[in-house]
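Have a look at the structure below, then the notes.
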Amino acid sequence: MEPLLEVKNVKKWFRSGRDTVHAVNGISLTIHPGEVVALVGESGCGKSTTSRTILRLTDPTEGQILYKGIDISRMPEKQFRAYRSKIQMVFQDPTMSLNPLFTVKRTLSEPLRLQGIKGKDEIESRIIQMLKKVQLGPEHLDRYPRQLSGGQRQRVGIARALITDPDLVILDEPTSALDMSVKLSVINLLRKLQHELNASYLLITHDMNTVKHLCSRVMVMYLGRIVEAGPVSEVFANPKHPYTRALLSAIPVADPTTKKERIRLIGDTPSPVSLPKGCSLADRCPMAEPRCKERQPELQHLPGERMVACHLVEEMVSS
Amino acid sequence: MNISTETAEVTPALRNDKRFRFTRLFKHNVSLTTGLILLIFLVLVAILGPLLTQHSPYETSPGDQYMAPSLAHLFGTDEFGRDIITRVIHAARLDLFIAVSVTALAFVVGSIVGSFAGFYGGWVDMVISRLVDVLLSFPAFILAMGVTAMLGNNLQNVIIALSVAYMPYFIRLTRAEMLKLRNAEFADAARCMGTSKVKIMLVHLLPNAIGPAVAQCTLTMGWAILDAAGLSFLGLGIQAPTAEWGVMIGNGVRDIFSGEWWTAFFPGIAVIVTVMTFNLIAIGVRQLKED
Amino acid sequence: MELLAVKGLSVTFPQDDKTNRVVDDISFSIRRNEVIGLVGESGSGKTVTATAVLRLTRQPADIETGQILFHEEDLLTKPESELQAIRGSKISMIFQNPRSSLNPLMKVGDQIARAYRIHSKYKKSKAKSEALKMLKLVGIPDPEARYEAYPHELSGGMCQRVMIAMALACNPDLLIADEPTTGLDVTIEAQVFDLIKELQKEIGMSVLLITHDLGVVAETCDRVAVMYGGHIVEMAEIDKIFREQKHPYSKHLLGSLLKLDQKSNGDLNMEEIAPPPIDYKTAGCRFANRCPAAYERCFSEKPPVTTVAAGHTVMCHLYEEGNQVGTIA
């Protein structure tokens, strides 16, 4: 099957005064039609920047982004506009991502108008249809964001992203601003809509529970690079990279009787201004060896469609 | 519980709260109510006043020069025997018109220019901001004096001069708001839909950025009244014999020394009341926002 | 022995012409050397409760009634000056946003040293060496260099460690931690909680932890109070809350957590339960109109706090003594 989206060796560096911030340092990923993939990592790991380059909210410094085989990374904005409706985004904070002065109806009619749909009745009927899909009703049409609850706002955000029938939806932390029960029903809704519309999702998050319930494949990012990738069930059950292990073991378990061993990282994420020469985790890794500081490990293929970038794993495989 | 988010949900809802009552507004915000009542009075005077006066503002009556205020002439008469109350009332129309057009022009042009500066940044912002700095380095009144002196003194040029003088404030306010808003997620969302940059700026962001500039309007109205009168007083603005408060004060000043205080006094009161009206509203609006 | 006992605390918050009670007649106590969790979703009144203990509720919130007994002395009747001596020395607090709680113009080391100089009246050099010790204790690498750093030069996790160091500087008897890891990454979050727990054991203090994350509660706390709409609806030891929770709201909260925790692809569908609006008023139970087990009485009469087992209290009509309805799914 032809991939829907291919990101090839994308780098994104920002200038910040005299410094260069290396936000994304050569990441490659592929998303197939109908696939739900997660990109996880902690703040500053470059996951949001990656999604912003795919959406052309910012231009990559290097690398290619192919949508159905066509490079969209350097396409002029006017030409790219034709692809906009096909690649959509659901934002993290529904309070910030909805224009406070627009009613639900106005928010949802804008993407349709931009697609060239003119008829008032057609627009209205499509909006009502979409609202129904996200479990809202016609009574919400004339409400302003402040008149909606957090969960309802996020539903409007989801409706806005899906109303143009996109092939790829980027979900940027779609549940992290929501309370627990609301979070659950939003995950549930996203899963249901994915089955119905058969769009691909790229979920950007640090919440492993959302990943578990929504995605089939996961990629773990650290300091602008992918350090581990593979099917969710396998990566979660048997993480290879020390960072993935630390990340998974840090999630609190809601069971007071299990006292599990935590893999501790030392200190903080290094600054993306001056990247370490070797492995980016070397300074924090409890298992680091001298060579980890010398040479940067490549992303290696492992059996079962898994990939890991760690010197220690390289040996595990070769031996 | 997070108090700050909860209050944030409460305050904006006030605007279309059905239970919003004037009695409460009156009790809590004396400045705004007083200002609004005065404004209604001023507008009524400006609209209806000229229909009710018995005299014409330009009707001279050689026998009635410098008559002190009396029942026949409530505010007295001036050097040509013109009825001062008639002239003050007629001038209200002109002066309010100047204030409104100056403010509207400064507001519209200033906010749009400020939006461009804040939204596009880079050299656009550089050029606009430096220009604003240059304009702000002159006191507004001196600047307006310069412009009228250059363009010639008629009504249209007074309006242009004053709006140029006040525009920098609007540019700065809108630019600052725009800087805060341009990275808002809803702007990104609009871009993801394929909305053009100019449209994002004008349709999505500008209405959200306009608040402080709107609040500035009332203050500017007061300044415009004062400065328009000032320009006429110096002979750089509206010219005699037009019924205008500044012109009347300018002409009346020398009469004060010969004892005919009323020729300058009443137009002066009109200026004070009008400026106070707008300042009260400005204070009231600020208080409303703080509540 | 009880270190802190909160009795019948109510906090009101004026809105327009009305007064809303955001914390309504709550009572709980904290023993020595114990970690208590205060959980609830946004708007449940947990932060207000925590700030009320130190009488730090922000204007215009107002502590209406109640007693806050600390070492058997009521903090609510003490003059402000005495309270100031208690804040930061006997009771310390760490806040949600560490960076905005630190003075941006002062070296972080000096901020910790200052705590020693004010509360322990240490000399300058002694305060500095103690501050350095504390920076080391909270796991800040290269403490000598970090002592000289300003808050903006440190990451969020480091700032929170500095806050903890400051809070612990004077060996407080009670540490109040209000969502201390909001905005921090999971690996850093784990480090912070491990640190709090370790230090708690080491210096033998009590902790009041405010959070909405039940996972954190399970890993850190000894006892838990569940809050909803300004009430403590249930309070019990951690095992009891997770295994034998009684109140319908606790069941809902734990239920959603279990669903999230289960294996993937399970059904996540469940009712969303929003907190009651801030001005919600009722004669009965605040949870009644959202409660699956509510009956007439729940709407007309405020439920009493019932002790169902040793150290396990529930505020619900279903568990009142002599009530036969007391079994719900």
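So, by mean Cβ neighbours within 10 angstrom, what's the order for B:31-37, B:179-185 with the highest one leading?
Per-residue mean Cβ counts within 10 Å order the peptides as B:31-37, B:179-185.
Looking at segment C:11-110, which GluC sites (Glu not before Pro) are in a loop (DSSP not H, G, I, E or B) and have at most 10 other Cβ atoms within 10 Å?
Here the sparse-neighbourhood loop sites are C:GLU72.
Which cross-chain or sequence-distant (5 or more) residues have an amide H under 5 Å from the amide H of B:GLY76, H modelled 1.01 Å from N in plane?
Here B:SER70, B:ILE84, B:ILE85 satisfy the definition.
May I ask which of C:LYS18/C:LYS46; A:LYS212/C:LYS281; C:LYS78/C:LYS136 have a Cα-Cα span longer than 29 Å here?
Distance filter (> 29 Å) returns A:LYS212/C:LYS281; C:LYS78/C:LYS136.
Return the long-range amide H neighbours of C:ASN33 (sequence gap of 5 or more, or a different chain), with a cut-off of under 5 Å between placed amide H atoms.
C:SER206
What total accessible area, in Å², is buried where chains B and A meet, using a 1.4 Å probe and rounding to the nearest 100?
2100 Å²
In the full protein assembly as shown, how much of A:ILE263 is accessible to a 1.4 Å probe, in Å² to the nearest 10?
Answer for A:ILE263: close to 60 Å² accessible.
Picking from A:GLN152, A:GLN135, A:GLN194, which is most flexible by a Gaussian network model of chain A using Cα springs under 10 Å?
A:GLN135
May I ask which residue of B:ALA190, C:VAL6, B:LEU52 lies farthest towards the positive end of the charge dipole of the protein assembly as shown, with charges of +1 (Lys, Arg) and -1 (Asp, Glu) on Cβ and the Cα centre as origin?
Projecting each Cα onto the dipole axis, the largest value belongs to B:ALA190.
Whole-Hz ³J(HN,Hα) for each residue in segment A:43-51, computed from phi via Karplus 6.51 cos²θ - 1.76 cosθ + 1.60 with θ = phi - 60°, x for glycine and proline: what do you get?
With coefficients 6.51, -1.76 and 1.60, one gets 4, x, 7, x, 5, 5, 4, 4, 5 Hz.
Counting only protein heavy atoms, probe 1.4 Å: which residues of segment B:164-200 lose 50 Å² or more of accessible surface in the full assembly compared with their chain by itself?
Buried by the other chains: B:GLU185, B:PHE186, B:ASP188, B:ARG191, B:CYS192, B:MET193, B:GLY194.
Of the candidates A:ARG146, A:ARG155, A:ARG191, which one comes out as most mobile in a Gaussian network treatment of chain A with C-alpha springs shorter than 10 Å?
A:ARG146
Residues of segment B:106-129 with amide nitrogen under 20 Å from the 7 Å Cα-to-Cβ point of A:THR61?
none
Nearest 100 Å² is fine: what is the total accessible surface buried where chains A and C meet, probe 1.4 Å?
3500 Å²
Shielding of A:72-79 by partners, i.e. mean partner chain Cβ atoms within 10 Å per residue?
1
Just add up the charged neighbours of C:SER89: K/R +1, D/E -1, any other residue whose Cβ is under 13 Å from the Cβ of C:SER89.
Around C:SER89, the surrounding residues sum to +3.
Roll a 1.4 Å probe over the protein heavy atoms and report the accessible area of B:VAL127 in Å², nearest 10.
Using a 1.4 Å probe on the heavy atoms, I get roughly 80 Å².
So what are the ³J(HN,Hα) numbers for segment B:229-239, from phi and the Karplus equation (6.51, -1.76, 1.60; θ = phi - 60°), rounded to whole Hz, Gly and Pro as x?
4, x, 4, 5, 4, 7, x, 9, x, 5, 9
Which residue fluctuates most in the GNM of chain C (Cα springs below 10 Å): C:GLY215, C:GLY230, C:GLY88?
C:GLY215
Any of A:LYS47/C:LYS251; A:LYS11/A:LYS105; C:LYS7/C:LYS201 with alpha carbons more than 30 Å apart? Name them for me.
Those over the limit are A:LYS47/C:LYS251; A:LYS11/A:LYS105.
Ignore the peptide's own chain and count Cβ atoms of other chains within 10 Å of each Cβ in A:241-247; give me the average, rounded.
Mean partner-chain Cβ count within 10 Å for A:241-247: 1.
From the phi of every residue in segment B:29-42, what ³J(HN,Hα) in whole Hz does the Karplus formula 6.51 cos²θ - 1.76 cosθ + 1.60 yield, where θ is phi - 60° and glycine or proline is x?
For segment B:29-42, the Karplus-derived couplings read 9, 5, 4, 5, 5, 4, x, 5, 4, 4, 5, 4, 4, 4 Hz, x marking Gly and Pro.
Per-residue ellipticity at 222 nm for chain C, helices alone: DSSP H runs ≥ 4 residues times -39500 (n - 2.57), over residue total, nearest 500 deg cm²/dmol?
-10000 deg cm²/dmol
Among A:PRO276, A:LEU248, A:LEU312, whose Cα sits farthest toward the positive end of the charge dipole of segment A:236-319 (+1 at Cβ of Lys/Arg, -1 at Cβ of Asp/Glu, about the Cα centre)?
So the residue we want is A:LEU248.
Within the accessible area of segment B:118-266, what % is carbon and sulfur when the probe is 1.4 Å and the other protein chains stay in place?
69 percent
Along the charge dipole of segment C:100-171, which of C:HIS119, C:VAL108, C:MET163 sits closest to the positive end, that is, farthest toward it, with unit charges on the beta carbon of Lys, Arg, Asp and Glu (+1, +1, -1, -1)?
C:HIS119
On a straight-distance basis, which lysines could pair with A:LYS277 in a cross-link, Cα separation under 16 angstrom, same-chain partners fewer than 8 positions away excluded?
Reachable lysines: A:LYS293.
If I ignore ligands, DNA and RNA and count only protein heavy atoms, how much of A:HIS301 is accessible to a 1.4 Å probe, in Å² to the nearest 10?
140 Å²
How shielded is C:179-187 by partner chains, expressed as the average number of their Cβ atoms within 10 Å of its Cβ atoms?
Partner Cβ neighbours, averaged per residue: 5.
5 Å is the cut-off here: which amide hydrogens, built 1.01 Å from N in the peptide plane, fall below it relative to C:VAL23, excluding neighbours closer than 5 in sequence?
Residues meeting the criterion, in which the H sits 1.01 Å from N, are C:VAL11.
Take the alpha carbon atoms of segment A:205-279, find their center, do the same for segment B:114-129, and report the distance between the two centers in whole angstrom.
Here the two parts' Cα centres lie 42 Å apart.
The values are calculated or read from the model by the stated rules, or taken from the named source; none is laboratory data. All values derive from a computational prediction rather than experimental measurement. Please note: Cβ atoms are built from the backbone with ideal geometry, for glycine as well, and neighbour counts cover all protein chains shown. The protein model used for the area step is the full one, side chains on, heavy atoms only, and it has no ligands, DNA or RNA in it. Shrake-Rupley method; radii C 1.70, N 1.55, O 1.52, S 1.80 Å.
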